[in-house]
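The next block holds one structure in the form of structure tokens; read it before the comments.
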Amino acid sequence: MTKLRKARYDKQYRKKNRKRIRANQAAYFQRTYNPVKAAKERKKRMPYHLKYCRQPRYRAYKREYDKKRRARKFGAFADTYKVLLQLVKEVKKQMPDRFERYAQAGRQQWNPINQARRRRKNYE
């Protein structure tokens with residue numbers, strides 16, 4: 001019973017003295033934080049972080065997380081956006097990028113006829 005009472009008291013105390021507690025924390029941080037030392041520590045840990053990021057399990061998790069994060073900007077239409085991406089993926093699978101290359105602007109537009117001419121010219 002005393003633990004519950006203490007937890008309740010702490011919660012009220014933190015609520016009432018929030019500004020002072022935050023000021024003390026900020027002052028302590030200013031006294032103790034050394035940006036040069038922190039940068040050196042980060043560089044020491046970087047190889048381990050990179051190794052972790054290359055793990056298949058993390059990559060699968062990150063892929064899903066990023067998809068959800070990108071869809072979030074569409075709000076209520078997030079699910080619609082996900083379906084649209086799947087549809088575009090399926091369309092590209094069914095129809096190669098030939099038409100995209102054909103549609104590209106520029107002097108050397110890709111199309112089957114020009115491609116054949118270029119091959120003939122290179123062979124001769």
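The values are calculated or read from the model by the stated rules, or taken from the named source; none is laboratory data. Worth saying up front: this structure is predicted, and the values here are computed from it rather than measured. Note: ideal-geometry Cβ built from the backbone for every residue, glycine included; neighbour counts use all protein chains shown.
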Legend entry - Every residue from segment 11-20 that is surrounded by 10 or more Cβ atoms within 10 Å (Cβ to Cβ) and among the basic types (Lys, Arg): LYS11, ARG14, LYS16, ARG18
Inset, instruction - Considering every residue within segment 21-30, establish whether at least one is polar (S, T, N, Q), surrounded by 10 or more Cβ atoms within 10 Å (Cβ to Cβ) and within 27 Å of the chain's Cα centre (by Cα). - result: no
Legend entry - Residues (modelled with pLDDT of 75 or more and either more than 40 Å from the chain's Cα centre (by Cα) or acidic (Asp, Glu) (or both)) located in segment 91-117: ALA116, ARG117
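Conditions tested, residue by residue: (1) surrounded by fewer than 11 Cβ atoms within 10 Å (Cβ to Cβ); (2) at negative phi; (3) modelled with pLDDT of 95 or more.
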{"site": "LEU50", "(1), (2), (3)": "yes, yes, yes"}
{"site": "CYS53", "(1), (2), (3)": "yes, yes, yes"}
{"site": "PRO56", "(1), (2), (3)": "yes, yes, yes"}
{"site": "TYR61", "(1), (2), (3)": "no, yes, yes"}
{"site": "GLU64", "(1), (2), (3)": "yes, yes, no"}
{"site": "LYS67", "(1), (2), (3)": "no, yes, no"}
{"site": "ALA71", "(1), (2), (3)": "no, yes, no"}
{"site": "ALA76", "(1), (2), (3)": "yes, yes, no"}
{"site": "ASP79", "(1), (2), (3)": "yes, yes, no"}
